[in-house]
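Engineer: Below is one structure. I have some questions about it.
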Amino acid sequence: IPSSCKRIGFSAFEECSYLKKVSIPGTVSIIGSHAFWLCINLEKIIIHDGVKRIENDAFYGCKIKKISIPASVDTISYDAFRRCEELKEVIIDDSDGIISISETAFKDCPKCKIKYKSQMGFFEKLFH
C-alpha cells in the first residue's frame, strides 16, 4: 500500500486470492469494511503506527497466523478478524489505554491468544 493512501475503502481487495502479504502504512487512518475479506492466501499483515480504526470484516477469513496492533488503533470493529482460523497470536499495544474491541472481533478464531501490552505490562486472553 503506498504511503499516499489515506484510507483502504470498502471491499478494496475483497477475495484477492493472489495477495499473500500486505504492509499498511501509518498514513492510512482507516482499514475499511471487507477491505481484505476472504483474501484466502493472505498470510502476513503489517499494520504500522498511525492506523486508527479496523472496521468490520476487514480481514475476515484470511490465513494470518500472527498480527500486532499498534497503539494508534483505537477501534477494532465486529468480526474484523472473524474466521481467521490459523490466527494464533495477536499482540495489542494498549499502552495508551484507550481501545474499543468488539466482542466478536476475533470470533471463530479457535487458536487465537490475545496478548495486551499495557502500561502495567502484558496480560493474555483467549478468544473463540
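Engineer: Just to check I understand the Karplus step: with θ = phi - 60° and J = 6.51 cos²θ - 1.76 cosθ + 1.60, what whole-Hz values come out for segment 8-21, glycine and proline as x?
Structural biologist: Calculated HN-Hα couplings, in order: 9, x, 3, 6, 3, 10, 3, 6, 7, 6, 8, 6, 10, 8 Hz.
Engineer: Another question, then. With θ set to phi - 60°, apply the Karplus curve 6.51 cos²θ - 1.76 cosθ + 1.60 along segment 61-66 and write out the HN-Hα couplings as whole Hz, x wherever there is a Gly or Pro.
Structural biologist: Computed from phi, the couplings for segment 61-66 are x, 7, 9, 4, 10, 8 Hz.
Engineer: With the alpha-carbon atoms as the only input, what is the per residue convex hull volume for the chain in Å³? Numbers along the way, then the final one.
Structural biologist: On the way: hull volume 9.8 nm³, N = 128.
Looking at the chain, the number lands at 77 Å³ per residue.
Engineer: Considering the dipole of the chain built from charges on the beta carbon (Lys and Arg +1, Asp and Glu -1) around the Cα centre, which of SER77, TYR60, SER17 is farthest to its positive end?
Structural biologist: Value: SER17.
Engineer: Excluding ligands, DNA and RNA, what is the solvent-accessible area per residue of the chain at a probe of 1.4 Å, expressed in Å²?
Structural biologist: Details: 6680 Å² over 128 residues.
For the chain, the solvent-accessible area averages 52 Å² per residue.
Engineer: List every residue whose amide H lies under 5 Å from the amide H of THR104, counting only residues 5 or more places away in sequence or on a different chain, with H placed 1.01 Å from N in the peptide plane.
Structural biologist: It is ASP79, by chain and number.
Engineer: Considering only protein heavy atoms and a probe of 1.4 Å, how much of the accessible area of the chain is carbon and sulfur, as a whole percent? Intermediate values should be presented prior to the final figure.
Structural biologist: On the way: 3410 of 6680 Å².
Carbon and sulfur atoms account for 51 percent of the accessible area of the chain.
Engineer: Shifting gears a bit: Using modelled amide H (1.01 Å from N, peptide plane; none on Pro or chain starts), what sits under 5 Å from the amide H of LYS113, excluding residues fewer than 5 places away?
Structural biologist: Amide H neighbours of LYS113, under 5 Å, 5+ apart: GLU89, VAL90.
Engineer: Which order do the peptides 29-39, 69-79 take when ranked by the mean count of other beta-carbon atoms within 10 Å per residue, highest first?
Structural biologist: Details: 29-39: 21.4, 69-79: 18.6.
Output ranking for 29-39, 69-79: 29-39, 69-79.
Engineer: List every residue whose amide H lies under 5 Å from the amide H of LEU42, counting only residues 5 or more places away in sequence or on a different chain, with H placed 1.01 Å from N in the peptide plane.
Structural biologist: Long-range HN contacts for LEU42: LYS63.
Engineer: Okay, moving on. Below 8 Å, C-alpha to C-alpha, sequence gap of six or more: please give me the relative contact order for segment 37-85 in percent.
Structural biologist: Taking the mean separation of contacting Cα pairs over the length of segment 37-85, I get 45 percent.
Engineer: Determine the alpha carbon to alpha carbon distance for each of LYS21/LYS107; LYS20/LYS63; LYS66/LYS113; LYS20/LYS52; LYS44/LYS66 and list only those over 19 Å.
Structural biologist: On the way: LYS21/LYS107 22 Å; LYS20/LYS63 9 Å; LYS66/LYS113 10 Å; LYS20/LYS52 23 Å; LYS44/LYS66 8 Å.
Going by Cα-Cα distance, LYS21/LYS107; LYS20/LYS52 fall outside the 19 Å limit.
The values are calculated or read from the model by the stated rules, or taken from the named source; none is laboratory data. Here the structure is a predicted model, which is why all the values come from computation and not from measurement. All Cβ positions, glycine included, derive from the backbone under ideal geometry; neighbour counts span all protein chains shown. Side chains are part of the model used for accessible areas, which takes the heavy atoms of the whole protein and leaves out ligands, DNA and RNA. Shrake-Rupley method; radii C 1.70, N 1.55, O 1.52, S 1.80 Å.
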